[in-house]
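Engineer: Dropping the structure in here first, questions after.
The values are calculated or read from the model by the stated rules, or taken from the named source; none is laboratory data. Predicted, not measured: the structure shown is a model, and the values here were computed from it. Every residue, glycine among them, receives a Cβ derived from its backbone with ideal geometry; neighbour counts consider all protein chains shown.
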Amino acid sequence: MGKATKKSPSNPSEVNIVTPLSQTKEAAMRPIAAVVFAALLSACASSPAHRDYTPAAAPRTAWIVGAEGAAVGQAIFTDGPHGVLIRLEFLPNALPPGWHGVHLHGRGDCSDFAAGFQASGGHIDMRQHAEHGLMNPRGPDAGDLPNLFATPAGPFAAELLARSVTLGGERIPASANQHERAPLLDADGAALLIHAGPDDHMTQPIGGAGARIACAALTPLP
Ligand SMILES: [Cu+2]
């Protein structure tokens, strides 16, 4: 702390804070609440994202294929104004118990389960951003997602919002309402990959998440 933080009596915001309230707190809050409420109403009414959003594609469901090539659950992808909502539903014992990294990879191909799902390629937009990691100041990739926790027994499920992608085939440029969104259903599709261990959201290139153990492929409809 240096000279920049030195208190100045001429700072108007500081004067406002120390001025004693001549009215009760409740009475003071009433006009503020009315202004905030009016502002919320007008924001909702004027936001194109709330009023006019047309999904880039209809919702899609894909099997989640495990390392043995059998279905271990399903992934439902729904396009929305702020990203793609992904609901994951797993059968009992679908994954080893514990945390698992989840990413969107650049190719909709889960056919090579015996080879560790290498056909799904790297993370979406790996080359467009400097680094991987949701907690990395120089990241993230569009395909980076929060971790998932697999329970020791019984079915389990999760929902994730992938904010940097669209379920359509065209890239959505950045605008006043949202940042750039990469297409999942471009020519070679995309895949949701689940890794053996957790993603630390920082380490290159995949957060130390380890092997690919499950995969759900999305490909454009013929
Ligand atoms: Cu990955």
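Engineer: Could we say that ILE213 is within 16 Å of GLY122 (Cα to Cα), out of contact with any helix residue (DSSP H, G or I) (no Cβ under 6 Å at 6 or more places or on another chain) and crowded, with 16+ Cβ neighbours inside 10 Å here?
Structural biologist: So ILE213 passes the test.
Engineer: Just give me the residues in region 170-180 being within 24 Å of THR61 (Cα to Cα), of a type outside the set (Val, Ile, Thr) and in contact (Cβ under 8 Å) with a residue 60 or more places away in the chain, in sequence order.
Structural biologist: Across region 170-180, the qualifying residue is only GLU170.
Engineer: Follow-up. Against the condition more than 17 Å from GLY121 (Cα to Cα), surrounded by 14 or more Cβ atoms within 10 Å (Cβ to Cβ) and modelled with pLDDT of 95 or more, how does PRO198 come out, does it pass?
Structural biologist: Answer is yes for this residue.
Engineer: Now a separate question. From THR151, THR166, grab the single residue that is of a type in the set (Val, Ile, Thr) and over 20 Å from HIS103 (Cβ atoms).
Structural biologist: Residue meeting the stated conditions: THR151.
Engineer: Among the numbered criteria (1) away from the ligand (no atom under 15 Å from the Cβ); (2) touching a residue at least 60 places away in the same chain (Cβ under 8 Å), which one does THR151 miss?
Structural biologist: Among (1) away from the ligand (no atom under 15 Å from the Cβ); (2) touching a residue at least 60 places away in the same chain (Cβ under 8 Å), THR151 violates only (2).
Engineer: Of the conditions (1) more than 16 Å from the ligand (Cβ to nearest atom); (2) surrounded by 15 or more Cβ atoms within 10 Å (Cβ to Cβ); (3) aliphatic (A, V, I, L, M), ALA58 satisfies every one except a single condition; which number is it?
Structural biologist: Of everything listed in (1) more than 16 Å from the ligand (Cβ to nearest atom); (2) surrounded by 15 or more Cβ atoms within 10 Å (Cβ to Cβ); (3) aliphatic (A, V, I, L, M), ALA58 misses just condition (2).
Engineer: Of all residues in region 126-152, how many are of a type in the set (Val, Ile, Thr) and assigned to a strand (DSSP E or B)?
Structural biologist: The number of residues fulfilling the criteria is 0.
Engineer: What is the residue count in region 189-214 for residues that are within 22 Å of ARG87 (Cα to Cα) and either away from the ligand (no atom under 15 Å from the Cβ) or of a type in the set (S, T, N, Q) (or both)?
Structural biologist: 1
Engineer: Closer than 17 Å to VAL72 by Cβ, aromatic (Phe, Trp, Tyr) and away from the ligand (no atom under 16 Å from the Cβ): is that true of PHE117 in this structure?
Structural biologist: no
Engineer: A follow-up question, please. Do we find that GLY108 is in the same structural domain as GLU170 (by TED's automatic domain parsing), surrounded by 21 or more Cβ atoms within 10 Å (Cβ to Cβ) and away from the ligand (no atom under 12 Å from the Cβ) in this structure?
Structural biologist: The answer is yes for GLY108.
Engineer: Taking only pairs six or more apart or across chains, which ones have beta-carbon atoms under 9 Å, a first residue in region 181-207 that is closer than 26 Å to GLY69 by Cβ, and a second residue that is among the basic types (Lys, Arg) and at pLDDT below 95?
Structural biologist: Pairs found: ASP186/ARG171.
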